[in-house]
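Participant: Have a look at this one.
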Amino acid sequence: MDARRRTVLTAGAAGAAALATACGSSEGDGGGSEESSAPASGGELTRTSEVPAGGGTIFEDRKIVVTQPSEGEFKAFSAVCTHAGCIVATVGDGTINCACDGSRFSIEDGAVEAGPATRPLPAERITVEGDSIRQA
């Protein structure tokens, strides 16, 4: 009986690890999603050229996603899904997408485009100076 219990616990831990990996996945859908490993504190998040127009870039370590809804207009939102609590996985086709629960949020204002999330992604403050984007 102990062996069975151990097997179940091991399988459960493996499943949880797989889910955690999927939540933080940076696999794109070909829609302009990118992931970056920006420094954990202060300084520049990215360059304007690294954020595709009509798409965005996810910064997992800072839990922020920077979008460019239209050429030269940059927005930033929390990268934490308001339903599942996972870091969003992709940005494409005008939405920020959570792989954990399928929620989709607008790249323009963080509004929920498709649930199960019911709350928008909170806005984050950024500054754009020349071609540098910094978290404010």
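Participant: Along Cα→Cβ, 7 Å out, is where each label goes; now give me the distance between the ones at Asp93 and Glu108 in nm to one decimal.
Facilitator: 1.8
Participant: Take peptides 121-134, 68-81 and line them up by average Cβ neighbours within 10 Å, highest first, as a rough protection proxy.
Facilitator: Most protected by this proxy first, the peptides run 68-81, 121-134.
Since every read-out is calculated from the coordinates, none of them should be taken as a lab result. It should be emphasised that the depicted structure is a prediction, and the values quoted were computed from it without experimental measurement. Quick reminder, even Gly has a Cβ in these numbers, built from the backbone with ideal geometry, and neighbours come from all protein chains shown.
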